[in-house]
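Where a number appears in this text, it was derived from the coordinates with a stated rule and is not lab data. Since we're looking at a predicted model, the values are computed, not measured. Because the Cβ atoms are built from the backbone with ideal geometry, glycine has one as well, and the counts that use them run over all protein chains shown.
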Amino acid sequence: MVLRLYAVVPDLTVHVCSILDKLTKGDKKDSATIFGGALMRQAALVIESPDKRNDLTAVHLARVRGSLNVHAVLVKVKPRDRDEYLGNYIQKHDAETLMQFVKERAVVACKH
């Protein structure tokens, strides 16, 4: 569904970057669903705010927030699937330090 959205919406660019580099891979802890949430949030940002299309900090922040939001919903359904790594970033979001983390991490993780 998300990939189809990227295919049919003109000028919708995907910026994939390993900001959350320790996100569980494979089938464990719903990683595909979390990744899909990141893509959907990025698409929503670019569609709702086309002027932010080239603001990579805003794009990466949207992706991280999308991941964290999906993780929070999944944990409400299955509390045992809580991921300590993502939980730390939810705390950063709540403490309003997430944007600074994303900026710093993008320098290391994202080669544009």
Cβ pairs under 7 Å, 6+ apart or interchain, first in region 88-103 and more than 8 Å from Val64 (Cβ to Cβ), second surrounded by fewer than 16 Cβ atoms within 10 Å (Cβ to Cβ), ordered by first then second residue, are Ile90/Ala72; Lys103/Thr57
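Inside region 11-99, counting only helices (runs of 4 or more DSSP H) that do not spill past its ends, which hold 2 or more residues that are surrounded by fewer than 18 Cβ atoms within 10 Å (Cβ to Cβ) and of a type in the set (D, E, K, R)? Show your work before the answer.
Details: elements: 31-48, 56-77, 84-94.
Result: 84-94.
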